[in-house]
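For reference, the structure is listed below as structure tokens.
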Amino acid sequence: MIDVKQLQKDFENMANALKRKGVEQSTLDKLKDLTDNAKQKRQEMENVTAEQNKLSKEFGRYKKEGLDIAPLQDSINELKSKKQSMEEEVKTLEDELSSIALGIPNLPDENVPDGADENENVVLEIIGEKPVFSFEPKEHWDLNNGWLDFERGVKLAKSRFSAIKGQGARLERALINYMLDFNKERGFEEWYVPFMANSNTLQGTGQLPKFEDDLFKIEGEDLYLIPTAEVQLTNLYNDEIIPADELPLLMTSYTPCFRKEAGSAGRDTRGLIRQHQFDKVEMVAITKQEESEEVFERMVACASDLLTSLGLAHQKVQLCTGDLGFSASTTIDLEVWLPGQGKYREISSISNTREFQARRAKIRYKDGKKNILAHTLNGSSLAVGRTLLAIMENYQQEDGTVKIPDVLVKYM
């Protein structure tokens, strides 16, 4: 969540930053009115409190000196009643302000390029060599190896669900184990977490209230199927104060992910690119504020090196403001080369949310006597289904079979 106190102190600069993230002027105007009203009413309430305290001191003196306390008592009671009424008014205004703030995205870092959408993202680096084929490479759904069964996935659930069998299923499992082992070697501790989360947990990382339409809700329960392990790993420390010497906390976890893909109608309807259920290995870090940039670079390197170890060409892309996620201050995507499609496609997204999620989830660390909001970071390492299809397309043979990358052979 954005810093409401900072919003009251420096509205103009924060509003300009939020405009870069696409927040509409009407929303900013409403924020401005609420911010000004709440600030004014709180000041008026504090003035009344100060007057009440002053008269209370006088009351003691009057009583001690045997003076008539009745008029003073009436004034104190009147101020007390007025203060109570003003407290309720301030609380209503500040609750409304906080409610709107929950739907306001994070501020982008100053060095994030301005842009309207993904077409204005900036390629930072291209890594690895694209494979050369003696034949026309196919897209993964056209490979005749019998791994993917989309029809039966639809029969079992609905569209955008798939079934994977045989060697494909073994490769999916091998990738999960390999990714977890790779991340462990880079210092990330493995966790196994619930695949459902309550509303407080989802609010902590920013999925609620704004993105409820993209979540699968469990009927009759305050539970949702998780859209990513980021939700669970970050909120392991919800409403906790972490000793500073325990930071950074580096965590990794495999989970299935469930998304309605509410805003992607008509996009990537074929194949494994955009499914309602998919596997992912996630990295999450909780750090001191001054360490988060270094950890961010470490996480990007981890996911990139993982792709390199699999022999998959990819590029690093700095997201522009128009493509930046709700909770992110800065994001680098890794896009893997898919020869069947003849283009790079996102396979990992690593973000630094600064204190945005920590403020929502009340994640702090103790620095001396002071409690400080932590920085939280997250990133895919990697989306397993997309890695599977990338291997299928990059390692395809002319007869439709797929060669298994050397590092995965022992996992098969």
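The values are calculated or read from the model by the stated rules, or taken from the named source; none is laboratory data. All figures in this text were calculated on a predicted structure; none of them were measured in a lab. All Cβ positions, glycine included, derive from the backbone under ideal geometry; neighbour counts span all protein chains shown. Ligands, DNA and RNA are stripped out before the accessible areas are found, and what is left, the full protein with its side chains, is counted by its heavy atoms. Shrake-Rupley method; radii C 1.70, N 1.55, O 1.52, S 1.80 Å.
Quick notes on this structure:
- Here Pro227, Pro209, Pro256 are screened, and the one residue that is part of a loop (DSSP other than H, G, I, E, B) and open to solvent by less than 30 Å² (accessible area, probe 1.4 Å) is Pro227.
- Pair list, Cβ under 9 Å, 6 or more apart: segment 74-97 residue at negative phi, other residue open to solvent by 80 Å² or more (accessible area, probe 1.4 Å) and in a helix (DSSP H, G or I): Met86/Arg42; Val90/Arg42; Leu93/Arg42; Glu94/Arg42
- Of the residues Gly311, Gly266, the single one that is of a type outside the set (S, T, N, Q), assigned to a loop (DSSP other than H, G, I, E, B), modelled with pLDDT under 95 and over 16 Å from the mean Cα position of the chain (by Cα) is Gly266.
- Taking residues in segment 169-193 that are free of Cβ contacts under 8 Å to residues at least 24 places away in the same chain and within 16 Å of Ala285 (Cβ to Cβ), and partners anywhere that are open to solvent by less than 20 Å² (accessible area, probe 1.4 Å) and not acidic (Asp, Glu), not one pair has Cβ atoms closer than 7 Å while being at least 6 places apart or on different chains.
- Only one of Glu221, Glu190 that is open to solvent by 80 Å² or more (accessible area, probe 1.4 Å), in a loop (DSSP other than H, G, I, E, B), farther than 19 Å from Leu373 by Cβ and modelled with pLDDT of 95 or more: Glu221
- Candidate set: segment 367-397, residues that are at pLDDT 95 or above and open to solvent by 30 Å² or more (accessible area, probe 1.4 Å); chosen: the one nearest to Tyr237 (Cα to Cα): Leu373
- Number of positions in segment 303-327 that are among the aliphatic types (A, V, I, L, M) and either open to solvent by 20 Å² or more (accessible area, probe 1.4 Å) or under 17 Å from Lys210 (Cβ atoms) (or both): 1
- Candidate set from segment 194-236 (those that are out of contact with any Asp or Glu (no Cβ under 8 Å at 6 or more places or on another chain) and of a type in the set (Asp, Glu)); member that is nearest to Thr287 (Cα to Cα): Glu212
- Filtered residues of segment 101-129 (kept if within 22 Å of the chain's Cα centre (by Cα), surrounded by 14 or more Cβ atoms within 10 Å (Cβ to Cβ) and hydrophobic (A, V, I, L, M, F, W, C)): Ala101, Leu102, Ile104, Leu107, Val112
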